[in-house]
Amino acid sequence: MPWALLASTYLAFVGLEELLGPTRGYLAAFVVYWVGWCLLFPLWFLGKKELKRVLSPVRFSRSGAMAGGLVLLAVPPVLALATVFVTKIPQATVAVVLGSLGLAAVNGTAEEVLWRGVYIREFPGDMLRGFLYPTLGFALWHLAPQAVHPLS
């Protein structure tokens, strides 16, 4: 699945940018990714009942390992806030901030459904197929949008 996802989203980013221009094409390609791969694929693969379970609230453990993991998860967004976001906020309008928050919520939820929900449900307890394979796929997927907007 990741190879089909990588190829199709790469083509979506390149093709939609060509068709709609850089900004609209980029956003349209993300919509293709979110709707096609992050919603419809899990719905087809897992079914409606299992997809609802993926989206249901999770009870967190109070163990030290869980707390340590949550701290590690917080590091990238905190660093981004401290280094990039803070410098850009004076230039941002309310619409940009609200739009960014909305996009972040959609993107985060959609990607959790695909990259964690599908694989963890399909391969519970399998470190290779349930964790490492989707982790590699998720990392490689980020090359698709960079085909049209490389980091400068």
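The values are calculated or read from the model by the stated rules, or taken from the named source; none is laboratory data. Values in this document were obtained by computation on a predicted structure and should not be read as measured data. Counting neighbours? That spans all protein chains shown, and the Cβs are built from the backbone with ideal geometry, glycine included.
Odds and ends about this structure:
- Selected residue [in contact (Cβ under 8 Å) with a residue 24 or more places away in the chain, closer than 16 Å to residue 110 by Cβ and touching a Lys or Arg at 6+ places or on another chain (Cβ under 7 Å)] from 51, 46: 46
- Checking every residue in region 34-48 against the condition of being within 22 Å of residue 118 (Cα to Cα), among the β-branched types (Val, Ile, Thr) and either under 19 Å from the mean Cα position of the chain (by Cα) or not in a helix (DSSP H, G or I) (or both) gives at least one match.
- Per the listing 96, 84, 113, 118, the residue uniquely without any contact (Cβ under 8 Å) to a residue 12 or more places away in the chain, surrounded by 11 or more Cβ atoms within 10 Å (Cβ to Cβ), part of a helix (DSSP H, G or I) and of a type in the set (Val, Ile, Thr) is 96.
- Residues of region 121-152 that turn out to be in a helix (DSSP H, G or I) and over 25 Å from residue 11 (Cβ atoms), as a count: 8
- Close pairs from region 122-135: first of a type in the set (Gly, Ala, Ser), partner surrounded by 13 or more Cβ atoms within 10 Å (Cβ to Cβ) and assigned to a helix (DSSP H, G or I), Cβ under 7 Å, at least 6 apart: 130/119; 130/120
- Any hit, region 6-18, residues being at pLDDT below 85, surrounded by 10 or more Cβ atoms within 10 Å (Cβ to Cβ), within 18 Å of the chain's Cα centre (by Cα) and closer than 25 Å to residue 148 by Cα: no
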